[in-house]
Every structure is written in C-alpha cells, then in structure tokens.
1. Determine the distance separating the Cα centre of the stretch 24-44 from the Cα centre of the stretch 72-144; give it in Å without decimals.
2. How much mean residue ellipticity at 222 nm does the chain get from its helices, if each DSSP H run of length 4 or more adds -39500 (n - 2.57) and you divide by all residues, to the nearest 500 deg cm²/dmol?
3. Please work out whether the stretch 4-143 counts as rounded, prolate or oblate from its C-alpha gyration tensor, where a ≥ b ≥ c are the square roots of the eigenvalues and a/c under 1.5 means rounded, while otherwise a/b larger than b/c means prolate and anything else oblate?
4. May I ask you to list the aspartates and glutamates whose Cα is less than 17 Å away from that of Lys116, ignoring any residue fewer than eight positions away on the same chain?
5. If you take every DSSP beta bridge fully contained in the chain, what fraction is antiparallel? Give it as a percent rounded to 5.
6. So if I place +1 on the C-beta of Lys and Arg and -1 on the C-beta of Asp and Glu, and nothing else carries charge, what would the dipole magnitude of the stretch 54-144 be about its Cα centre? I want it in debye, nearest 20.
7. Report the residues of the stretch 1-40 in range of a label on Arg77: point 7 Å along Cα→C-beta, backbone N strictly under 20 Å from it.
8. How far apart, in nm, are two points set 7 Å out from the Cα along the Cα-to-Cβ line at Glu55 and at Asp16?
Amino acid sequence: MEHEKIIATNRRARYDYEIIDTYEAGLVLAGAEVKSLRSGKVSLGDAYAASQGRELFLYNLHIPPYEKNTTAVMGTRRPRKLLLNRGEIARIARAVEQKGVTLIPIKIYFHRGYAKVEIALARGKKKYDKREKIKEKDEGRLAD
C-alpha cells in the first residue's frame, strides 16, 4: 500500500493461528501514545480483540509511555477502542461467537498519518498442524 509505515507485526500469529479473514481498523490513541508508536515502541505479543456491546476493543496491547511526556501517564496495557463501520463490527461479533474463533492483531502501521491495526479472525492451530507446516517447509528447503 502507498504511504504505509509498518510499526510492529505479530510474527507468531500465522504460526499459531489459521487466518480466516482480515480487517483494517483505526485505533483510538492519546497524543503521547501516538508519539511512542512513531518511535516504534509497541508489543503485540499478548494482544487480542473482543467485542463489548456494539464496539470492539484491543486488549493487552503494550505501548510504553513516551519518555518526553510531561502530562499524566495512561496505562500501558489499557483497552483501546477499534474503529470500524457498524456492519463490519456486527460481522466480526457473529464470527467470534463461533467456537474456536478469536480476533487477533496482525500488524500496526501508519496509513496517511493515521494509526491503523490489521486484525484477523483466526482459529487456533493444533500441534500436529504446526508440525505439518514445519515438515512442508523443511521439505521445500531440501528440494532447493
């Protein structure tokens, strides 16, 4: 995409989960959090999204406080609201109600100056699925 600066990616997501569908969502942040994001300080490791009523929130996203901030420091792992249109939120909420489907962040980036997060509907892989993937990767590597 044009004008896109990737800040962080969740590299384990595609290994641990089977991605069903992806969405681009805006992220509601405070000013100091945006500055901290621009400096590349964010951790997606344990982050997940969930619906609360008619809204989606991102939980456990770690954005450390901006070091030059002089105002009150907000929580580093506080829930952050995701901005999607109403139809997408309803579609995601219906999908998450299914057994075994969860909502995880794939990457955080800036698109035309706005902080965006790519979230995915995902189903957890079983241990044997992961082994099969590693086996296929190794066989492809040996064939080359």
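Coordinate-derived values only; no laboratory data. Note that the structure is predicted; figures quoted are calculated from it, not measured. As a convention, Cβ positions derive from the backbone with ideal geometry for all residues, glycine included, and neighbour counts pool all protein chains shown.
1. The two parts, judged by their Cα centres, are 17 Å apart.
2. Value at 222 nm, helices only: -8000 deg cm²/dmol.
3. oblate
4. Straight-line reach from Lys116, under 17 Å: Glu2, Glu4, Asp21, Glu24, Glu33, Glu55, Glu88.
5. Of those bridges, close to 100 percent are antiparallel.
6. In debye, rounded to 20, the stretch 54-144 gives about 280.
7. Zone members listed by number: 8-13, 28-30, 33-34, 36-37.
8. The modelled label-to-label distance comes out at 2.6 nm.
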